[in-house]
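Remarks on the structure that follows.
The values are calculated or read from the model by the stated rules, or taken from the named source; none is laboratory data. Just so it is clear, the model here is predicted, and its values are computed rather than measured. As a convention, Cβ positions derive from the backbone with ideal geometry for all residues, glycine included, and neighbour counts pool all protein chains shown. Each accessible area value is taken on the protein alone, full model and side chains, heavy atoms only, with ligands, DNA and RNA left out. Shrake-Rupley method; radii C 1.70, N 1.55, O 1.52, S 1.80 Å.
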Amino acid sequence: HVHQDLLQRAPNLLIVSSNGAGFDPVDVDACTAAGVLVVNQSGGNANSVAEHALGMLLTLSKRIIEADRALRRDPDVNRNALIGTEAQGKTIGIVGLGNVGRRIAELCKGLLGMRVLAYDPYLSATEMAARGGEKVELDDLLRASDYVSINCPLARDTRGMIGARQFALMQPHAYYITTARGFIHDEAALFEALRDKRIAGAGLDVWDKEPPPPDHPLLQFDNVLASPHTAGVTREARANMGKIAAEQMLGALDGKRPPRLINPEVWPAYAKRFERAFGFMPG
């Protein structure tokens, strides 16, 4: 992880490349103050993560994970106790309409004819419509959605964004799905919402502690579908992310401006440091 202590030990560091779409292992403010460029590989695993979210949505809707567990425990399982719902024509609320969110919107709208609501304070209604989402406020999204999918990065303004008040706004038949980062939602609040049957279930790929311990409270629910941060872990995504990382670093060393800058405001200070290191100004 790149924090202040590492930056102090590496005074000639120019660029930090976060291996993924998220950049929470990096103290971006400290890098900016030190004149260090931060890049990520956003978009490289978007399809893999979107497919994972859609898989969770369908598995929860049809109660496949509950049926699987019931069948293994009870030879006389009652199928009528496991009635599911169709996703066709329902409403999905996507929090964060970036590379992953827009791919989820495309899949849900195109394959299942779903209505797509979206919350993203950094995008205009016009841009969100172009990405397949109807711009709404977060509270309205939570109230109206049959499925809530979290797809934003972990940052100061998203840490703890989904807590007890937000879960209370969701409909009792709605599902909460996250393939983003732990700490965006409050795990204790989610536990209480599930325990009290205020929501129908959850699909969780990210956790406060990864991997979560086997006795984690959320793993005790049959209507929780869990994975250990594997949404973006596919052969295709790993190859794509590595390619993007290499291309960005090689381009930067040639003096080009990387296309996936997390802290573009650092460019003037970075350019001066780059010139001192290599003898020419980056473009």
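Remarks
- Apolar share of the accessible surface for segment 163-283: 58 percent from carbon plus sulfur atoms, 1.4 Å probe.
- Extended-chain gain in nm, criterion 0.36 nm per residue less alpha-carbon gap, ALA10 and GLN88: 22.8 nm
- Placing +1 on the Cβ of every Lys and Arg and -1 on the Cβ of every Asp and Glu, with nothing else charged, gives segment 156-211 a dipole about its Cα centre of roughly 120 debye.
- Segment GLN220-ASP139, length gained on full extension (0.36 nm per residue, minus Cα span): 26.3 nm
- Each residue of segment 200-208 is assigned a 3J(HN,Hα), and the resulting list reads 7, x, 8, x, 10, 9, 10, 9, 4 Hz, derived from the Karplus form 6.51 cos²θ - 1.76 cosθ + 1.60 (θ = phi - 60°), x at Gly and Pro.
- Segment 18-162: translational diffusion in µm²/s, Stokes-Einstein, Kirkwood Rh over Cα pairs, 4 °C, 1.567 mPa s: 76 µm²/s
- Entry note, the chain: the mean residue ellipticity at 222 nm calculated from DSSP H runs of n ≥ 4, each adding -39500 (n - 2.57), is -11500 deg cm²/dmol after division by the residues and rounding to the nearest 500.
- Segment 153-194: relative contact order in percent, alpha carbon pairs under 8 Å with at least 6 residues between: 60 percent
- Sequence-ordered 3J(HN,Hα) estimates for segment 214-221 from the Karplus curve with 6.51, -1.76 and 1.60 and θ = phi - 60° stand at x, 8, 4, x, 6, 7, 8, 8 Hz, glycine and proline given as x.
- Relative contact order (%) - the chain, alpha-carbon pairs under 8 angstrom, separation at least six: 21 percent
- Rounded to the nearest 20, the size of the Cβ-charge dipole of segment 51-117 about its Cα centre is 140 debye, with Lys and Arg at +1 and Asp and Glu at -1.
- Candidates ASN45, HIS173, ALA239 compared by Cα position along the dipole of the chain: farthest toward the positive end lies ALA239, with charges placed on Cβ.
- Under a model in which nothing but the beta-carbon of Lys, Arg (+1) and Asp, Glu (-1) is charged, the chain shows a dipole of about 520 debye around its Cα centre.
- Folded to 0 to 90 degrees: helix 46-61 orientation relative to the chain principal axis, Cα: 10 degrees
- Calculated log₁₀ intensity ratio I(q)/I(0) where the Debye formula runs over C-alpha points of segment 148-253, q = 0.12 Å⁻¹: -0.47
- Segment 12-55: projected area of the alpha-carbon convex hull, averaged over directions, in nm²: 3.4 nm²
- Fraction of accessible area attributable to carbon and sulfur, segment 14-95 (%, probe 1.4 Å): 49 percent
- Counted residue by residue at 0.36 nm each, then reduced by the alpha carbon distance between them, the extension gain from VAL233 to GLU192 reaches 11.8 nm.
- Option label - Cα extents along the principal axes in Å computed here, alternatives (1) 75, 42, 36; (2) 99, 53, 49; (3) 56, 46, 33: (1)
- Relative contact order of segment 1-159, defined on C-alpha pairs under 8 angstrom at six or more residues apart (%): 21 percent
- Packing, taken as the mean count of other beta carbons within 10 Å per residue, orders the peptides 212-225, 260-273, 105-118 from highest to lowest as 105-118, 260-273, 212-225.
- Beta bridge orientation in the chain: antiparallel %, DSSP, nearest 5: 5 percent
- Heavy-atom accessible area per residue - the chain, 1.4 Å, Å²: 50 Å²
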